[in-house]
Structure formats: structure tokens, C-alpha cells
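Please treat every number below as a calculation from the coordinates, not as lab data. All values derive from a computational prediction rather than experimental measurement. Here Cβ is always computed from backbone atoms with ideal geometry, including for glycine, and neighbour counts include all displayed protein chains.
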Amino acid sequence: MSDGKSRRSIRSAIIGAGMAGILAAIKLKQRGEDFVVFEKADRIGGTWRENRYPGLTCDVPSHAYTYSFEPYPDWKANFADGAEIHGYFEMVTDKYGIRDQIRFGCEVTAVDWDDATSSWTVTIASGETYVADVVIAASGVLHHPKLPEIEGLDSFGGKSFHTARWDDEAKIDGGRVGLIGCGSTGIQIVTAINRRVERLVHFQRSPQWILPVQQFAFTDEQRAAFRADPKLIDAIRYSDEYLGAVLRFTRAITDIDGAQMQEIEEICRQNLETSVRDPELREKLRPDYRAACKRLIYSWSYYEEVQHPAVFVETGGIARVEPKGVRMADGTFHELDTLILATGFRADRFIRPAGVTGQGGRTLDDFWSVRPSAYYAVTLPEFPNFFMLNGPTGPVGNFSLIDIAERQWAYIDQLMDLLRTGEARAVAPKASAHADYEERRIAAAKTTIFGSGCSSWYLDATGVPSSWPWGYEDFAEAMTVPKFEDYAIAA
Ligand code: NA7
């Protein structure tokens, strides 16, 4: 539909300068369109800016965790660390010349639709406003820290902080450190600080399954070869080892009694059996739910590092936090200098707390009163020209959200073409199409591994997995061309 040129000039407001917002900015810049990126912080990077904890690495192999149009030959290792990934996004921001269009320190507080002008008014914290035809909500998923509701938490005398608010002054070296939570974050932190501390108490309410993966460094020669011939990077990025694994993994998620899931379960079980030598510790670390029900943890070193003598795995219930440490339900006391909260994020927030008001005064809070949802994870009825990248019900799992965002962008771009050509001034999915999508999605989601009986950030408030419940190929297919007949197109 697009001829690559804008026939009507479109003005876009992009919210968030993380991976997805940077992607949208690059694409709009390449089209020569008018846009502004609003970023609440003073640097780009989203989750890779917020998280700086020791051991932070991405669980997607580095060559698969880049924009498809900007492969990166210089990764130091198969699984890159957070600082290097942040550096990649900084480099891309400059290379594509979008930094000047990012307004830092501008937290969006409200986004209001006006039917009369078919435009959005974006309000930032200072009270300043900006009018746009299109809003791209690229505000990320995991960025509102979830603090545990534990009695006495505020009374702790040492430093206590959430992992996304890492405190460089906290006593880690030679200290007695408590770490609550064993999602990807908690597990990675154990592997990075266990040899620095005097004692590390790892509080695990629900131990996790760990899938073993290979970490290795790329040599200077390999990096030179990647620079000389980017096809070598593609060979890794699109290899059966990576892409095939993504497809097999998503098949396993949706066919939970199939061979692929059995294989994942067996690999995780074997990893536990063969890696953890002390039978008592092995039983402490054995989850009581199925592998991949919670986001599977990829690690090459956790089981080895947790067996270091400085680490104590505590699986008892926490009674309360006291000024000098943590009191367990059985009365045991762990005296601590530092208490780290690796307790995850509120994954249901998305663009909120910004207030979003669509047609007829409909608010996003109201629209999402039961659960966050979006038609094919991208658009919302009654919220025209409002497009979400990595919004609710998109695919989640151990694969690259960059690929997801790029596919979603291809879909959004086609909807924006309706505005560019003047065919439409406002485009939003029909309420019936969204309702039908959600009904099918919820029914399928309940049968995925995420719904097989565990708690996790993948579940919505009603206990239904909030993710894409079909195969990865189905998602790729759905993003290829929008079903235009499912859209209300107002000229
Ligand atoms: P997760 O995966 O949400 O993990 C949070 C962990 O914190 C998990 O082990 C929770 O146990 C634990 N938790 C939360 N509240 C409490 C309380 N009150 N008491 C004890 N333990 C608690 O967050 P992460 O930051 O590790 O990872 C999030 C994602 O970021 C990850 O999946 C990657 O995509 C990147 P529970 O399992 O609820 O019993």
C-alpha cells in the first residue's frame, strides 16, 4: 500500500526511548516524517538503562539480540552483558541520528484523543503539551519495580533496594547479603556476587527450573571476521540452533504434552540431578511445577555458583524483616548488612500511570479494568491511531523482543499508510474484532504451559496467561498484513 512517500504529513509522538521507541524513531526518520520521542529519564535504553545489577546479561544470544538492520560484529560473548547492550543502543541512536528528536526528562502524564481534529494531545509532567496524529506507546513492560509486601521491610537498618534501583554504595564485598527472589534477576545476581560476599542468603519462595546454556567469548579474530562479512552474523542469527530453538520452544509452550516440552523438562531435570551434588540442596532447589511455567531461567553457571560455601539457600517462609536482618516463620534469624529485592516488576502497567483517554472519554484504565489487552497486541478499539510496541498479549518467552517489535512495526506502518494516503484520519480496530481476538486468545492461553499451575508475571490478575498463546509462526503471519476489514477506518 505504501509508496514510500508521505502524501499527508503525519506527526507522531513516541513514548519511551528504549529498544522499541528507538526502533520506531529510526523507521519514522527514514521516512522523513515528523516525530518526537518523549523519554522520562536522561538517557536512552529502557530496561538496559534501568537495570545495572551485577551479573546482568540478556538470555537471548547476542547476535540474535540486535535490530535486523543493524547487526553488531563486536559482541564480546554469546550472551552479552547489560552494559554492552546499553552501549549498542547508544551507538544505534547516534548512527541513525535520532538523538536530537528525543526529549529527555519528559515524563508523559496524559494522552488525550480529540475526535474533532483526529489528534492526540500529549501532556508531559511540566504541563507542556504536544499535538500528534499518532501515538506510539513504546514504554516497555518490565519497568515498574514490584516491592514485596513483607512486614517490617522499611525497618531494615542496612541498605535495602530493588534490583532495578541498584545501590552502588551497598555493602556487598565481604558483607552479609540477603537476596529475595529467584527469577532471572535473582539467579544472575547470585552468580555474580557469591564470591564477593562473606555470606549470601538466597530467599527462594518458589525455586526455578534452570535450562543450561553455553556461554563463551568471541575472539578478536571472530569479531574481525564478523566485521568483514556480516553474513557470518546472519548465519548465527538465523541458524537452526537459535531460530530452530525459538520455534521449538514456542511449539512446546503451546503443546504442553508434546515431545518438545518433554525434552525441555528432561533437560532441566537432568541439569538439576547432575549439577547439584548435595541431595538436601538439590531437593531445596527442585520446583514443584512444570518447567517453562514461569519464565525459564537460562544459565550456564547458577547451579555451580549456588554450591559455593558462602551461599545459603533459604526456602522457608519469611515472617518479617527486622532492623538487623530477616526473621523466618520458624524463628530462624538471618543477620544481614544488605537486603536486595529481586522481586520482579508490575508487568500489567505498560504506559500507565500516564492517563490515556480515547474516544468518548474512554480511559485506558477503564478499558483495561479486567486485564490489559490489545487487538493482536498492537491496537485498541476506541483509541484510534494509538499503536503499541511490545504491548499486552504479545509473544513472551525466551526469545528476542526486538524481533517482536520489528514485526509489530511492519504491521503498524501499514495502518499508518492509511493516514499517510489520506484514506483515513483515524484507524482503530472494531470492538467486535477485538472481543473475538480476546475470546480466542484467552481460551488458547489457558492451555499453554504458562497456565499449567504456577504463579508468574506472565499471568494477569485473573490468573490467565497474558501472552500470545499460538505459535511464533502464527504471530509472524499475523503481523505480515493487518486484517483491514477488522478496522474501523474514519475518513
Ligand atoms: P520475576 O521473574 O518476576 O521474579 C521475582 C521473584 O521474586 C520470584 O522468585 C518471586 O517468587 C519472588 N518474590 C516476589 N515477591 C516475593 C515475596 N513477597 N516474598 C518472597 N519472594 C518474592 O522477576 P525478575 O526480575 O527476576 O525477572 C523479570 C524478567 O526480567 C525476567 O523474566 C526477564 O524477562 C527479565 P515467586 O515465584 O512469586 O514465588
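Tabulated results
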read-out	value
Estimated vicinal HN-Hα couplings, Hz - the stretch 7-13 in sequence order (Karplus 6.51, -1.76, 1.60; Gly, Pro = x)	8, 10, 7, 10, 10, 10, 10
Built amide H within the under 5 Å cut-off of F312, gap 5+	L200, V201, H202
The chain: calculated mean residue ellipticity at 222 nm from DSSP helix runs of at least 4, using -39500 (n - 2.57)	-8500 deg cm²/dmol
For I297, residues with placed amide H under 5 Å, excluding near neighbours	W209, L211
Three-way shape label, the stretch 371-459, alpha-carbon gyration tensor, a/c 1.5	oblate
Principal axes of the stretch 101-224: Cα extent on each, largest first, Å	63, 53, 30
Partnerless cysteines, meaning none of the other Cys C-beta atoms lie under 4.7 Å away, in the chain	C58, C106, C182, C268
The stretch 393-491: trypsin sites (Lys or Arg not before Pro) falling in loop per DSSP and having at most 13 other Cβ within 10 Å	K483
Loop-located chymotrypsin sites (Phe, Trp or Tyr not before Pro) in the stretch 94-184 whose Cβ has at most 13 other Cβ within 10 Å (DSSP)	none
For the stretch 214-219, 3J(HN,Hα) per residue [Karplus equation, 6.51 cos²θ - 1.76 cosθ + 1.60, θ = phi - 60°, Hz, x = Gly/Pro]	9, 9, 7, 8, 8, 7
Computed lengthening from D168 to R52, 0.36 nm per intervening residue step minus Cα-Cα distance	40.8 nm
Å³ per residue enclosed by the Cα convex hull of the stretch 258-334	127
The stretch 342-413: equivalent-ellipsoid semi-axes (sqrt of 5 x gyration tensor eigenvalues, Cα, Å)	21, 17, 9
Using alpha-carbon coordinates, inclination of helix 245-254 to the longest axis of the chain, degrees	90
Vicinal HN-Hα couplings computed from phi for the stretch 268-280 (Karplus, 6.51 cos²θ - 1.76 cosθ + 1.60; Hz; Gly/Pro x)	5, 5, 4, 4, 5, 4, 8, 9, 9, 7, 7, x, 5
Within the chain, percent of DSSP bridges classed antiparallel, to nearest 5	45
Inter-probe distance in nm under a simple model that places probes 7 Å from Cα toward Cβ, at T332 and R11	6.2
For A77, residues with placed amide H under 5 Å, excluding near neighbours	F218
Where a label projected 7 Å from the Cα of A116 along Cα→Cβ would reach, residues of the stretch 467-491 with amide N under 20 Å	490-491
Of A478, G463, T448, farthest towards positive along the dipole that unit charges on Lys, Arg, Asp, Glu beta carbons give the stretch 444-491	G463
Rotationally averaged projected area of the stretch 428-491 (alpha carbon convex hull; nm²)	5.3
Diffusion coefficient, µm² s⁻¹, Stokes-Einstein with Kirkwood Rh over alpha-carbon pairs of the chain at 10 °C and 1.306 mPa s	67
Extension gain (nm, one decimal) between S126 and S369, 0.36 nm per residue minus Cα-Cα	84.7 nm
